[in-house]
Structure formats: C-alpha cells, structure tokens
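Report on the structure given below.
Throughout, read-outs are computed from the coordinates displayed, never taken from laboratory work. It should be emphasised that the depicted structure is a prediction, and the values quoted were computed from it without experimental measurement. Cβ atoms come from the backbone with ideal geometry, glycine included; neighbour counts cover every protein chain shown.
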Amino acid sequence: MSSWWQSWVDRCGVRVDSRALAALRIGVAAVALLDLLRVWQLGLVRAFYVDFENGGLSGFSDPFLVIDSSWMGPWLYWATLLALLCVLLGLGTRGAILAAVLLWAQLGHLYPPGDRAIDRILRTVLLFLLFSASHRRWSLSRAPPVDSVGAWPLLLVRWLLFLVYTSAGIAKLAQQPGWLAIEGTPVLYRLLTDPMAAHLDPVAATEWWWLLRPLGWGTIVLELTAVLLLTRWDRLWIPVAITMHVGIAMTMNLGMFSYGMLALYVPLTAEWWLPGLDRSRRTVV
C-alpha cells in the first residue's frame, strides 16, 4: 500500500509550465462568459432568470435555489458575469472562482433547462482551479509569477474527460439496434438531423448513410477508448477528439458545448503549442 501511495504522491507532484494552467483558467472563463453574454444579446435575461409568476419562462426551479426568484435573478446574472471576468483576468482569482461557481450554480437552479452538462463540467473544472496556482501566470494577481506549478489539476481534467466520454460511449452503444448499429438508423443521422440542434436536411442525409454509419461507429470507439487519455498513448487520441469537437461545432448548434470541451484540451496540448510560443517571443525580442 505504501508503494501505491508513494506512486500517487509522485504523480500528483509532477510540475508543468504555469502557462498551461493559466490557459485553462482563461479558456474556461472566456467560454462561460461569452455563452452567458449571448443570453443578454438575445434579450433573454429576464425570461430565463425570473420566475414564471413574474414573466419568466421556467415554471419550476431547483429546490436548492436560495435567492428570491421574483427579482434577484438578473442581478445574480450580472454578478456571475463579473466573477467570471475576474477569473479570466486573474483578479482576486480564488475568491472570484468561488463566487463564479456558486453564482453560476444558482443560475442553474433558477432556470434548470439552461443548466446543461457542459455548464456542470466547466464548473467542476473551476473547482479544480480554485485550489491551484492558475493565477501565477497571465493574470493581474499581485502574486509573483512562477514558471511551473503542480500538474494535479490537469490530471483531474483528464480523469473527468475519461468519465464523460466513457459514459457517453456506453449510452450510445446501448441505444444501437443490435448493439453495433449494423442495421437501422445510424446514430449520427439521428444527431446531425435533429430539428432543434443540427443543420443537415433529414431527407438529403439519407443518401449519406454509407458514411454516417462508420462515422457513428468511430464516435463510439473514440468515446470507449477515452482511457487512453490516462496513458502515454494520449498523443494519438487527443487530435481525434479535437477533430470530433470541431466537426460538432460546424454541424450542430449546441451552444458552448464544443468550445467548452475544446478549452479543456488547450492545457493538455501545451507541450505542442508552448515551444511555438517561445520561439515567436524570441523572434520578436
């Protein structure tokens, strides 16, 4: 047992470039901030964040809501935006992260239909960052910058992604006719022709079943092999996952889903983009 514990301690004690963690902080905050600003742009703040009796859309709220839903919702919305902006800038980062998570969660309790899985995933990542040194680079923090920080938040991000993809893969597999969807409607056809979220014409897309079927199999295989994220084979798996999310962003309207997931891959690919960033800085100097 002691050797296992020491192995775990050694793994959690690995150091990474502080810019990787800062990129995660900035990416998550930016995606969440832009997504919430879209609500304001569409003029839906009062529709979403006021109770039904006072003109809101939602006829119910979560029992964990602790604010007065008749008037506090819009104020809560703007406070959440301010907290996320502070997280992005690295201003009072830990306090801002705690405020952002609590306020954002209350918005979810106030309007449950708008609190999607990606909202909860990004809030969970913010909780990881709450206990990290993500503010020690690319921030307005008074704390002096450092070159390296503990890598444990990125290990938790990998574990979180493994759980998300694996559960999604199992769910898709269980829904297929005959398990492998050799016959019947391809899984991607149902997703990419969804009238509420996709762009493909359902009639025209029937001509592409020969392509959609193997792509659907590939999606399930990708999700069920997410355990590779926890191994040295992650370099082969990550580019495919990124390609999938870019494809989702191009073919479906799922709000910030694809962009939020892509933000989680920025720090996981830091070893690929940091050398280029360093070279560009040396060239400028």
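A few remarks follow.
- Rounded to whole numbers, the Karplus 3J(HN,Hα) couplings from phi for segment 9-14 are 4, 4, 5, 6, x, 4 Hz, using 6.51 cos²θ - 1.76 cosθ + 1.60 with θ = phi - 60°, and x at Gly and Pro.
- Most mobile of W78, W210, W152 in a GNM of the chain (Cα contacts under 10 Å): W210
- Most mobile of L274, L81, L262 in a GNM of the chain (Cα contacts under 10 Å): L274
- Its residue count N fixes a reference of 2.2 N^0.38 Å for segment 17-143, and the Cα radius of gyration divided by that reference is 1.08.
- Sorted by Cβ density within 10 Å, fewest first, the residues V203, V157: V203, V157
- Residues M250, M244 arranged by fewest to most Cβ contacts within 10 Å: M250, M244
- Average Cα contact separation per residue, segment 1-126, under 8 Å, 6 or more apart, as relative contact order %: 26 percent
- Where only DSSP H runs of four or more residues are counted, the chain gives -20500 deg cm²/dmol as its mean residue ellipticity at 222 nm, each run worth -39500 (n - 2.57).
- Only one residue of L57, L126, A100 has its Cα farthest out toward the positive end of the dipole of segment 26-158, where Lys and Arg carry +1 and Asp and Glu -1 on Cβ, and that residue is L126.
- Rel. contact order, % - alpha carbon contacts under 8 angstrom, at least six apart, segment 169-253: 33 percent
- The phi-based Karplus calculation (6.51 cos²θ - 1.76 cosθ + 1.60; θ = phi - 60°) puts the 3J(HN,Hα) values of segment 231-246 at 10, 6, 8, 4, 5, 8, 7, 4, x, 5, 5, 4, 4, 4, 6, 5 Hz, whole numbers, x for Gly and Pro.
- With Cα atoms as the point set, the chain shows a radius of gyration and Dmax of 21.1, 61 Å.
- Taking all Cα pairs closer than 8 Å and separated by 6 or more residues, the relative contact order of the chain comes to 22 percent.
- Neighbour-count ranking [beta-carbon atoms within 10 angstrom, fewest first] of W233, W4, W138: W4, W233, W138
- Centroid-to-centroid, using Cα positions, segment 1-37 and segment 98-118 are 22 Å apart.
- Across R11, R94, R137, mean-square fluctuation computed from a Gaussian network of the chain (C-alpha pairs under 10 Å connected) peaks at R11.
- Diffusion coefficient, µm² s⁻¹, Stokes-Einstein with Kirkwood Rh over alpha-carbon pairs of segment 151-254 at 37 °C and 0.692 mPa s: 223 µm²/s
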